[in-house]
Structures are given as structure tokens and as C-alpha cells.
Amino acid sequence: MIFKIAWRNIWRNKRRSIIILTSIAIGLGFTMLYDCIVRGSVQQMLDNAINSHTSHLQINNAGFNSNKIITNNISHSDSIINKVASLPFIKYYSPRVLNFGMITSAANTSGITLVGIEPEKERNVTIIHKSLTKGTYFSTNPNEILIGEKLAEKLEVDLNDKLVLVSSATDGSVSSEMFRVVGIFKTNSSEFDKAYVYVPIKTAQKMLLLGDNISQIAAITDKPENINTYKSILQSKLDYHFEIFTYQELLPLLIYYVQIANDSMLVMYIIIGTAVLFGIINTLLMSVFERVHEFGVLMSIGMRNGKVFRMVIEEAFILSFVGTIIGFCLGLIGYYLLSIYGLDLSVFSESLSAFGMSTILYPKLDLGVIINSIFIIPITAILGAIYPALKAIKLQPTEAMRYV
Amino acid sequence: MEILKVENASKIYKDNGIAVEALKNIDLSIQKGEFLVIAGPSGSGKTTLLNLLGSLDVPSSGKIFLEGEELSKKTKKELSQMRLAKLGFVFQAYNLIPVLTAIENIEFPLMLRGVQERTRRQKALEIMRELGIAELAKKKPNQMSGGQQQRVAVARAIVNEPIIVLADEPTANLDSVAADNLLDLMERMNREKNITFVFSSHDLQVIQRGRRLISLKDGSIIDDKICE
């Protein structure tokens, strides 16, 4: 019955209650949607980095990650590849040759990272094949090269143009090879597009005098959330000559950014919660002052302080809960629409791609969003109701009943 | 049987820093089943005395006993509990809870005592039938006349079967017919259920119905008589 009274009390002043409900609902709805967009955008940045090159796990010779020299390569690569491929959690893998070099066209020269790949295996690990804006993925020709759109612009080349790639081989000599552009890709990172070129692994091995050796195995796992466990298992299968890096270790800044984004969203919720807190204090104080006489009557007929306190708290809870539900539904509708159509920020495409962000952002609804949006407002509302509730229970029945 | 006793009670209020003696050395004993009217002009101390009897206020000096227990020795929580269990209140302005229907208002004290919903609904209905107000069950206070509201207030006051009902000028806002009906009802409850009623009033209509009349003037009892 206390709940019933609390519920009905809220609707005694419909306009006031609707105003506070609306402010909670709109505030929460937009904050939730913004949270989804922020989480979605940082997740997209992470996914872009993983899918364009990093993958979930990278297996190298010890020391390669800090000093990427071609002489530090994986010999007897077949047995290592077989060991990696035999693990049940490895969904896809791709052996790679990596080296720094220079690429030259008739018009210009640029420093690049040469990536030798097995085209069919790399297809499962990265999205380079899907990122082609011109041309095709590799055919059987060994001297084909894929370059980024930014690099093509710098070198002033297009499809079928020739490029000369110069890089140091394992014997210390300078090796060069001519390639023909068969595809131009554009990922979400303009920096990546300027720096990476892809060639068939056999050609890279031959050019760099690697034999069958490789620089790295990139792998995609079945459950990225178990990545640290997988790393331990993999480490136990391989000897100490190898080092294994998870995407979290390879992309520390992005992981840090995800954390900062989540923390900053919590701050946003707290700001909204604080606004609600003062809204609730104001609304309930007005409501308590309007009902001083009534509280006096309730106390006279034997309503104890605990129940009076509970009634005011329940009024705050109902207001915040109803506001939260409406706000959450608004947020969900916004999330649903944006997850279909995306948020098109192509007008900022230049600056977004410098950060590896997509131009169309898709929101991400995860447990963090749900917990933040469902709990923060009701909790702050209940905190806000404590002061008016204390005011109510401090009333003396006789004085309260004299109050008009 | 004595249920309420006041021993040398005085009440002093501070009004803008000036002490005002609202009650002076009151001695009073109320027996079970009495139908008592405290009469006196405005400012004579009727409401103050009723507030002391109902433990809504504490005397500045003196003692008040309810069924032998001294009220000043009780905590705020115990006093609330005692008011709920042993006292019923009827106010001049009815003071029903505006968001509740008549039957919910009557159920309210039962709810505070923790009576189960079904039982309290039955009991509230029973009392409403007894008082002839069953048809008002679903009406909210603003849908009822003053007389009807005061009947509901009486039902609320007696639903917990109190040992005493304190009514502060219950007819002040009613026309004479409604006031008469209300007094008839209270008299019947007093007769049939042996509920003790204590009224404060300066209304002749009420004063004439009292079987004991206490007259107050300037905070002192100037007369205490049994009426025939």
C-alpha cells in the first residue's frame, strides 16, 4: 500500500512529474546512445586494426617485434605452422614475410613495409582483399603487388603500372624486384594505406633470400576474449625461441583508448546522474513541503518514521525507474536505427581515417552500457530522495498539522 | 475503569520568544466507555489538551498515563505504535489521504499494523457497512461531501478497535444535519462497541450530546460535570 500511495502521490502533480520524467528519459536516452556510439567507434577502431593487419595473435622469433630485421626469421616454418594450425582454438592463420624497404615509381619513392603473404590464407586473417577499391586480389602471377590508395597517390601510379621494390636481403645485400600493381586498397587507416604493400610470399622469400623461412605467423582465434589463455597454451607448445603477442599487446594505445572511452562514459553518466539528483531533490522537496500537513496526519494516526521515509524514497525510485525505462527504450530505438543505418560521418573522413576510424560509425550495445544506464539514475535518484525524506520524518505531527 | 489519566499537566509554548501557558495544572481522569466533550472558547486549550491526550505532544510539566503507562517514558517509535494500536483520531478537516479511496483510507491503519491485505479489506468493508457508508468505498475524498468524509474518518479511527477516539472539533466543518448524523454514529459506536470518545468543541450541538462535559478557560478546567 505504501508503494500504491507513493505511485499515486507522483501523479498528484502531473506536470511536475512529467517534466522530471522527460528530463530523465531524454537525458538517459541520449547518454545511452552516445555511449553506444563511443563504444562502437572504439570497437571499430580496434576491429579495423585487427582485421587490416594485426590479427589476434602474432608468432615471431624472439626479439623480432622490437627489431624487425629480416635475418631474425623463423626457420623450419612448416613444423611451426603445423603446430599452430593443430590447435583447436586457431580458426585461421597466415604465414608472413615482413621487411622494410623502398618502393619507387617513375614519379616518386616511398618507404614501405613489405608484407609477403599466401593470398588464400591471408584472405581469412585480414580484410585486405575486401578493401580493394581498384583492381583484383592476387592471381598466379608472382610479381603482383597490392598497394594502398594513399601510396598510389604519392607514387602517382594506377593499376598495371610498374613499381620497383628495394629491400635488404638476409645476406646483407640490397635486393630489388619489379612488380605490377594489380590492386589498390583503402582501409580505414590512411597511415596504414601509405605504409603497407602486399606481395606473394614466394616472391618475397626469393627476393630476400629467405628460402622457406618466414617472419611471422598471424592467427585468428575462435574467441578473442580468451586470448590470454590461448597465448599461454601456444607458448607452452612452442619453445622459448618464439614470442607470441596478443592484439592487446600489439595495440596498447587502442586498448588504452577503449578503457579511457569506457571510463569517460561513466563520467558522463555521473554528470547526468548528478543533474537527476538535483532534479529529484527539487521535485521531492517541493512535494514534501506541499504535503507537510498530510505527513502530520499520517504520523498522528501511527505511521512510523521508517514508513514515511520509505514512502518518499519509493516516490523517487518510481520516478527514476519509469524515467529510466522510457530513456532506455529511447536509447534502444536509437541504437536499433543506428545499427541499421549507421552514423555517417563521411564529411570528416580525412581526419577519421588518420585515426583508423571508419566514416560510418555503428553503435555497440554491451553489458557496460546496460548496467550504466539501468542502475546509475535510480541509484542517484534514491540518494537525492534521502534529504527530502529526512525532512519529512523530522516533522512533528502537531506542528505539521498546523501547517497550511 | 480508568484508561487515561492526566496529572498536573501544563503546556507552555514559545511564541516569538514569549512563553504562552496553553494549559495550566490539568488533572483529569477518563473512564472506559465515556462520551466526553471538552468545551471552551477558541484559545482555551482544547486542541492542546487533546494533543497531549493523544501523545501527539508532550506536557511541559506533569504526567499523562494511558492504561497505567506513563507516556513521557516512551520513545517516539513506541508512541507511534501506541497511537496506532490504542488511539483513534478524528480531525476537524477530516484529513483523509487524498490519493486513497474511502476503503483504502480505512484500511490504512490496518496496513500500518501489518494486517494482511485480504483481512484488512474485509474488515474495512465490514465497518463501512456498519456505518452505512459502503457505497462510498471506491470514492476518493474529493468525490465525497464533508459529512461523508468525516464518516470515513470515523471509520478509519475505529477500524483498529482503539480504546479511545479523540475527535478535535469533528463537526466544525459540517452543516447541522451532517453534524447530527455524525454524532448519532459516534454515539452508536460508543453504545454498541463501548468505544470511549473524547471531543473538543465549542459547538452547542456537540456539547449537548456529551455525557460528561469539561469546560476549559484560559488553559484551566473550570468545570467538570456529568450530564443527564
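The values are calculated or read from the model by the stated rules, or taken from the named source; none is laboratory data. This structure is a prediction, so every number in the text was calculated from the model and none was measured. Using ideal geometry, Cβ is built from the backbone for each residue, glycine included, and neighbour counts are taken over all protein chains shown.
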A:G273 - would you say it is under 30 Å from A:L367 (Cα atoms), in a helix (DSSP H, G or I) and either in contact with a Gly (Cβ under 8 Å, 6 or more places away or on another chain) or not assigned by TED's automatic domain parsing to the domain that holds A:W11 (or both)? no
Scan the stretch A:62-73 and tell me whether some residue there is within 24 Å of the chain's Cα centre (by Cα) and of a type outside the set (S, T, N, Q). no
What number of residues within the stretch A:281-318 satisfy the criterion of being within 49 Å of the chain's Cα centre (by Cα) and either of a type outside the set (V, I, T) or more than 12 Å from chain B (Cβ to nearest Cβ) (or both)? 23
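Just for helices (runs of 4 or more DSSP H) wholly inside the stretch B:115-228: which have at least 2 residues that are under 17 Å from B:G88 (Cα atoms)?
Output list reads B:117-130, B:146-158, B:176-193.
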Residue pairs qualifying under the 6 Å Cβ cut-off, at least six apart or on distinct chains, with the first in the stretch B:82-109 being closer than 20 Å to B:M186 by Cβ and the second being of a type in the set (K, R) and crowded, with 19+ Cβ neighbours inside 10 Å, are B:N105/B:R156; B:I106/B:R156
Which condition from (1) over 18 Å from A:V276 (Cβ atoms); (2) more than 14 Å from chain B (Cβ to nearest Cβ); (3) not charged (D, E, K, R) is the one that A:F3 breaks? (2)
Being in the same structural domain as A:V38 (by TED's automatic domain parsing) and more than 21 Å from B:L100 (Cβ to Cβ) is the requirement here; does A:I301 meet it? no
Only one of (1) among the aliphatic types (A, V, I, L, M); (2) touching a helix residue (DSSP H, G or I) at 6+ places or on another chain (Cβ under 7 Å); (3) away from every other protein chain (no Cβ under 14 Å) does not apply to A:L367, and that is (2)
Report those helices (runs of 4 or more DSSP H) wholly inside the stretch A:279-376 carrying at least 3 residues which are at pLDDT 90 or above. A:305-341
Can you go through A:R96, A:R123 and tell me which one is at negative phi, at pLDDT below 95 and surrounded by fewer than 20 Cβ atoms within 10 Å (Cβ to Cβ)? A:R123
Can you say whether B:L66 is in contact (Cβ under 8 Å) with a residue 40 or more places away in the chain and within 12 Å of another protein chain (Cβ to nearest Cβ), as far as the supplied structure shows? no
Residues being farther than 23 Å from B:P109 by Cα and in contact with a strand residue (DSSP E or B) (Cβ under 6 Å, 6 or more places away or on another chain) - total across the stretch B:66-86: 1
Considering the stretch B:113-131, residues that are away from chain A (no Cβ under 11 Å) and of a type in the set (V, I, T), and then whichever is surrounded by the fewest Cβ atoms within 10 Å (Cβ to Cβ), we arrive at B:T119
Within the stretch B:90-108, residues modelled with pLDDT of 90 or more and either of a type in the set (G, A, S) or in contact with a strand residue (DSSP E or B) (Cβ under 8 Å, 6 or more places away or on another chain) (or both) come out as B:A102
Check B:K14, B:K24, B:K32 and return the single one that is of a type in the set (K, R) and out of contact with any Asp or Glu (no Cβ under 9 Å at 6 or more places or on another chain). B:K14
Name the helices (runs of 4 or more DSSP H) wholly within the stretch A:1-102 that hold at least 1 residues that are acidic (D, E)? A:14-49, A:77-86
